[in-house]
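A short write-up of the structure that comes next.
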Amino acid sequence: MALTILAGTPNEPLAHGICRALGVTPCARTIERFPDSELHVEIDQGVRGRDVYLVEPMSAPVDEHVMELVFLTDACRRAGAARVTAVMPYFGYARQDRRASGREAIGARSTANLLEAAGVERVVTLDLHAAAIEGFFQIPVEHLTAARLLAEAVSVTADSVLVAPDLGALKLAERYQAHLRVPVAVIHKSRITGSDVLLRALIGNVKDRAPIIVDDMIATGGTIEAAVKGVLDAGCKRDVTVVATHLVLAGAALARLQALHLRQVVGANTVAPAHALPDRFRIVDVAPLIASAIERLHSGQTLERLLAHV
Ligand code: R5P
């Protein structure tokens, strides 16, 4: 069974990087919009009997990219692909993993159902907002982590302290701690609106220390803004680093981060940036990591240390 990499439109540089690392050419395809805005996709070369990896991070506009993935999967199935794996380095709707009030949809679950109905047989993703999302799928989910790669890009000093900006990020902070070997502090935060959060308490010692705030993603920047204010109020050094896998950077997030005068922002290239990023952003290429996972899955090898739960 031969390998095919098929890329959607959200992050073609990442998809091409994955292809380069694997030494393959991306499968030719046409993705277009009809005048009435309907999506039309067509695969321009044969995929019959092939092991297809569809690279489609679910960045904005999220729904368009979800439909692109659904249509490309359907096209592969109908063209006789032997197996279709959805490679979603950034899984959109991940934060809709539960009902916070009575009458909401669980968006992550609905998206999982939709992808399975379309014919996706396996998922590869990276640093999910919540590991439990794996359970929303009936199919195998390979949950990779970029923590080791991002940790390698961080400058650690004797006074560094890792900070989880909310309780949900604590497990992630522990993952970084395994690489960086520095203490961990955690913030108790509550979300007020989609872009504003309230800091309720800080557990751990950050006084006179250089914080490294770690999170799965930065969307509006509200969480990071509140966390930076929190650690500064608690007497940390004015030497704050932020590490987040998915730099979604919605709306005014970039300006919001710039105003915080951070030492460095370290993130992965899972989401293609809408604008050029300032020098203090260090972007880590996760294409080799994803390519290695694809290579191992294709040849039936274990993913071992690439997985988030190891
Ligand atoms: C929340 O639990 C997530 O881990 C992130 O902290 C949050 O979603 C980031 O969003 P924003 O940048 O809009 O605060």
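The values are calculated or read from the model by the stated rules, or taken from the named source; none is laboratory data. All figures in this text were calculated on a predicted structure; none of them were measured in a lab. Cβ placement follows ideal geometry from the backbone for every residue including glycine, while neighbour counts extend to all protein chains displayed. Side chains included, ligands, DNA and RNA excluded: accessible areas come from the protein's heavy atoms. Shrake-Rupley method; radii C 1.70, N 1.55, O 1.52, S 1.80 Å.
What number of residues within the range 28-48 satisfy the criterion of being of a type in the set (A, V, I, L, M) and not in a loop (DSSP other than H, G, I, E, B)? Looking only at that region, the number is 4. Going through the range 49-103 one residue at a time, which ones are open to solvent by 20 Å² or more (accessible area, probe 1.4 Å) and touching a strand residue (DSSP E or B) at 6+ places or on another chain (Cβ under 7 Å)? Selection gives ARG50, MET67, PHE71, ALA75, ARG77, ALA79, ALA82, ARG83, TYR90. Screening MET1 on (1) touching a residue at least 60 places away in the same chain (Cβ under 8 Å); (2) open to solvent by less than 10 Å² (accessible area, probe 1.4 Å) shows it passes everything except condition (2). Is one or more of the residues making up the range 151-169 within 15 Å of the ligand (Cβ to nearest atom), at pLDDT 95 or above, in contact with a strand residue (DSSP E or B) (Cβ under 9 Å, 6 or more places away or on another chain) and open to solvent by 10 Å² or more (accessible area, probe 1.4 Å)? No, the conditions are met nowhere in the range 151-169. Against the condition within 30 Å of THR241 (Cα to Cα), touching a Ser or Thr at 6+ places or on another chain (Cβ under 8 Å), open to solvent by less than 20 Å² (accessible area, probe 1.4 Å) and at pLDDT 95 or above, how does VAL120 come out, does it pass? So VAL120 does not fit the description; no.
Do the conditions hold for ASP216, that is, is it touching a residue at least 12 places away in the same chain (Cβ under 8 Å), among the acidic types (Asp, Glu) and away from the ligand (no atom under 13 Å from the Cβ)? So ASP216 fails the test.
More than 21 Å from GLN264 (Cα to Cα), part of a strand (DSSP E or B), within 16 Å of the ligand (Cβ to nearest atom) and of a type in the set (A, V, I, L, M): does that describe LEU198? In short, yes. For LYS189, the test of being without any contact (Cβ under 8 Å) to a residue 60 or more places away in the chain, within 16 Å of the ligand (Cβ to nearest atom), open to solvent by 20 Å² or more (accessible area, probe 1.4 Å) and under 23 Å from ALA293 (Cβ atoms) is failed. So, ARG175, is that one away from the ligand (no atom under 12 Å from the Cβ) and open to solvent by 40 Å² or more (accessible area, probe 1.4 Å) or not? Taking the combined requirement at face value, the residue satisfies it.
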